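Read the structure below first, then the notes.
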Amino acid sequence: MRVRLPKIDYANVRPHWAPNWEFAHSVNASSTIPAFVEPYLIKVMKLAKEVLPPAEEELHRDIDIFIAQEAQHFRQHNGFNRRIRESYPDIAPHETKLGEDYEVLLRERSLKFNLAYCEGFESLGPPAAMMWFEKYDDFLVGADPEAIALWKWHMGEEFEHRTVCYRLFHALYARSLWGRFWNGWLYRVYGFIYAVRHLGTYSKMVRKVLVDTDRRSMDEAALAQSRTNAQTFAEHLKRHTLPQLVKVLSPFYDPGTKPEPRGLSEYLRRFEKGGDMGIPSVG
Ligand SMILES: [Fe+2]
Ligand SMILES: [Fe+2]
């Protein structure tokens, strides 16, 4: 695990950065999430570090790298998201509401709940990394390289740090046999379902704003194409991610056992020293 600083210029990124606009908008909606969830993740991890015994040295170190990686992720997405918001200002109220939701969770819910939510969010990382490295190729033909680089770098690091939140949650709440059953399985699954429903509802609303804005100026033929595009992507996503998400519900779920998506390590090396997409002083 290491922190990498991508060298990506978002100045010319287009909201329609992939030929299937509905795919692009689905990803654009997802891109607005890290800007809010990742600062929240960092706050939760910092709070958890305060109660994690100092003897857990390796975990403390990994959490520090996790925090440093997430801090870069949301900064990069902010650069990308500015381009989206310029063309689609109607997404702003939804984004504001998402930010407020996290303030409420931090203020009103326990550390255990917040950490379970964070782990729920983190368990979306490996399936998303698998999609970006192995299943999106057809959608990425002719797409803008800046958007691809942002997502592959981000999902690569999500895969890389996939065990940190899981290990932290277990270290704090699932040490005993009862803890492993109640917190390590049931409460973790509760956090996962909560996060998936919360973020699923949010991204659906944002995607609708993006797609509906486009559709307002479409003729009948373009509208029909737009519906086909949306359906093609929705079916592809469901077919490949649903089986992965179901695995998170298992009492034996362990992100550490996930196989690495094809080409992930090699891709991340491009953002390290000597690579063509990283800032050389880092990595
Ligand atoms: Fe991230
Ligand atoms: Fe993460």
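The numbers here are math on the coordinates, done by the rules we state, and not lab data. Not measured: the values here are computed from a predicted model. Cβ placement follows ideal geometry from the backbone for every residue including glycine, while neighbour counts extend to all protein chains displayed.
Quick notes on this one:
- Computed extension length for LEU186-LYS46: 48.0 nm, one decimal, from 0.36 nm per residue of separation with the Cα-Cα distance subtracted.
- The distance linking the stretch 113-151 with the stretch 228-283 is 5 Å (Cα centroid to Cα centroid, whole angstrom).
- Taking the Cα centre of the chain as origin and assigning +1 to Lys and Arg Cβ atoms and -1 to Asp and Glu Cβ atoms, the resulting dipole is close to 480 debye.
- Scaled against the 2.2 N^0.38 Å expected of a compact globular protein of N residues, the Cα radius of gyration of the stretch 90-188 reads 1.36.
- The chain: calculated mean residue ellipticity at 222 nm from DSSP helix runs of at least 4, using -39500 (n - 2.57): -22500 deg cm²/dmol
- Value of Rg to Rh for the stretch 9-156, rounded to two decimals, is 1.00; Kirkwood radius and Rg both from alpha-carbon coordinates.
- Neighbour cut-off at most 14 other Cβ (10 Å), DSSP loop, trypsin sites (Lys or Arg not before Pro), the stretch 222-283: ARG262, LYS273
- Listed cross-link partners LYS247/LYS273; LYS97/LYS238; LYS112/LYS258 are compared with a 31 Å cut-off, the Cα-Cα value being larger for LYS247/LYS273.
- Where only C-alpha atoms are counted, convex hull volume of the chain per residue in Å³: 125 Å³
- Normalised contact order of the chain, rounded percent, pairs of Cα under 8 Å and 6 or more residues apart: 33 percent
- Site pair ARG239 and VAL141 shows an inter-label distance of 1.5 nm when each label is modelled 7 Å from Cα along Cα→Cβ.
- Cα shape, the stretch 111-258, gyration tensor, a/c 1.5 rule: prolate
- FRET E, pair ALA92, GLU58, Förster distance 30 Å, beta-carbon r, rounded to 0.05: 0.15
- For the stretch 167-239, projected area of the alpha-carbon convex hull averaged over all directions, nm²: 6.5 nm²
- Applying 1/(1 + (r/R0)^6) with R0 = 41 Å to the Cβ-Cβ distance of ASP254 and SER217 gives a FRET efficiency near 0.25.
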